[in-house]
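Input: a single structure, listed below in structure tokens.
Bear in mind that the values in this text are calculations on the coordinates, not laboratory data. The shown structure was predicted, so the numbers you read here are calculated from the model rather than taken from an experiment. Because the Cβ atoms are built from the backbone with ideal geometry, glycine has one as well, and the counts that use them run over all protein chains shown.
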Amino acid sequence: MWAAYLFCALALVSLPAAIHSHDPIIIVAWIAQTFLQLVLLPIIIVAQNVQAAAADTRAKSDHATLKAIHTLTLEVCEINQRQNEILQMLRERKLPRTPAYNAGRTEE
């Protein structure tokens, strides 16, 4: 940001000459070519650096969140796999139906 202040001071050195010329083209040229280019360019660069730093921070946060979601998803998949194995074991046992079990069921 210090560069913007330095370039502003440097641009202001030639301002009196542009004003004393009383030529609108020279004044517009001073604004467009001297002041805007010397002052706004460093400000734009600083703003881009700030935005890039914010984007990097956001990306790191998103990465950590996605890793946590991935870990939780893997745990849920493992639990589901174990439940499927238990259900398969129960199906393979083919336990005989007891009268008490059949008494609680209603025919559909």
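In table form, for the structure just shown:
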item	result
Filtered residues of segment 1-20 (kept if touching a helix residue (DSSP H, G or I) at 6+ places or on another chain (Cβ under 6 Å), in a helix (DSSP H, G or I) and within 15 Å of ILE43 (Cα to Cα))	ALA3, ALA4, PHE7, CYS8, ALA11
Close pairs (6 angstrom Cβ cut-off, 6 or more residues apart or separate chains): more than 30 Å from ASN49 (Cβ to Cβ) in segment 1-25, surrounded by 13 or more Cβ atoms within 10 Å (Cβ to Cβ) anywhere	ALA18/ILE26; ALA18/ILE27; ALA18/TRP30
